[in-house]
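Novice: The structure is given below, and queries will be raised subsequently.
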């Protein structure tokens with residue numbers, strides 16, 4: 001989800017909710033303690049130099065149960081960050097303290113912002129010799145006559 005999409009969604013909300021991948025909601029008394037730009041300059045395992053940038057939101061649970069972050073306040077924080085940090089319309093990454101600090105992608109279902117799981121990947125599969133994944137096929141979906149003698153399946 002891009003920064004412009006977050007702002008657009010916030011304009012249509014009365015309250016902000018973040019939902020974890022397991023379906024639980026981040027407690028309503030959370031704070032967005034940081035909005036920033038993270039730049040990652042690296043070399044992948046194939047030797048290609050890469051640059052990646054994301055906008056980062058850090059969510060924090062405080063013992064402050066009397067204050068809630070309202071959509072218009074978060075829009076103000078985002079707009080100040082865009083101006084001061086010169087943020088482009090980048091993808092959002094969210095940090096949230098679970099057992100450890102976790103990083104999530106973000107999506108929106110019309111009611112809550114969904115924290116989506118992120119996975120590592122090899123960016124240089126060809127150079128590393130990683131074979132392409134073979135499609136998984138359920139045996140139950142194969143037609144019963146598809147492995148008849150002379151059909152070429154075996």
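Novice: Could you check the stretch 35-67 and list, in sequence order, the residues that are in contact with a helix residue (DSSP H, G or I) (Cβ under 9 Å, 6 or more places away or on another chain) and either within 30 Å of residue 129 (Cα to Cα) or touching a residue at least 60 places away in the same chain (Cβ under 8 Å) (or both)?
Specialist: 44, 45, 46, 47, 48
Novice: Can you pull out the residues in the stretch 3-16 that are touching a residue at least 24 places away in the same chain (Cβ under 8 Å) and exposed (fewer than 15 other Cβ atoms within 10 Å of the Cβ)?
Specialist: Matches in the stretch 3-16: 4, 11, 14, 15.
Novice: Another one. With (1) outside any loop (DSSP other than H, G, I, E, B); (2) closer than 18 Å to residue 109 by Cα as the list, and residue 60 as the residue in question, which single condition is left unmet?
Specialist: The single condition residue 60 does not satisfy is (2).
Novice: Further question on the same structure: What's the number of the only condition in (1) part of a helix (DSSP H, G or I); (2) more than 29 Å from residue 121 (Cβ to Cβ) that residue 78 fails to meet?
Specialist: Here residue 78 meets the rest and fails (2).
Novice: Are any residues in the stretch 81-136 crowded, with 16+ Cβ neighbours inside 10 Å, touching a strand residue (DSSP E or B) at 6+ places or on another chain (Cβ under 8 Å), in contact (Cβ under 8 Å) with a residue 60 or more places away in the chain and outside any strand (DSSP E or B), and if so, which ones?
Specialist: Answer for the stretch 81-136, where residues must be crowded, with 16+ Cβ neighbours inside 10 Å, touching a strand residue (DSSP E or B) at 6+ places or on another chain (Cβ under 8 Å), in contact (Cβ under 8 Å) with a residue 60 or more places away in the chain and outside any strand (DSSP E or B): 87, 90, 112.
Novice: Taking residue 59 as meeting all but one of (1) exposed (fewer than 12 other Cβ atoms within 10 Å of the Cβ); (2) under 17 Å from residue 17 (Cβ atoms), write down the number of the exception.
Specialist: (1)
Values in this text are rule-based calculations from the coordinates and carry no lab data. Everything numeric here is computed off the predicted structure, so don't read it as measured data. Every residue, glycine among them, receives a Cβ derived from its backbone with ideal geometry; neighbour counts consider all protein chains shown.
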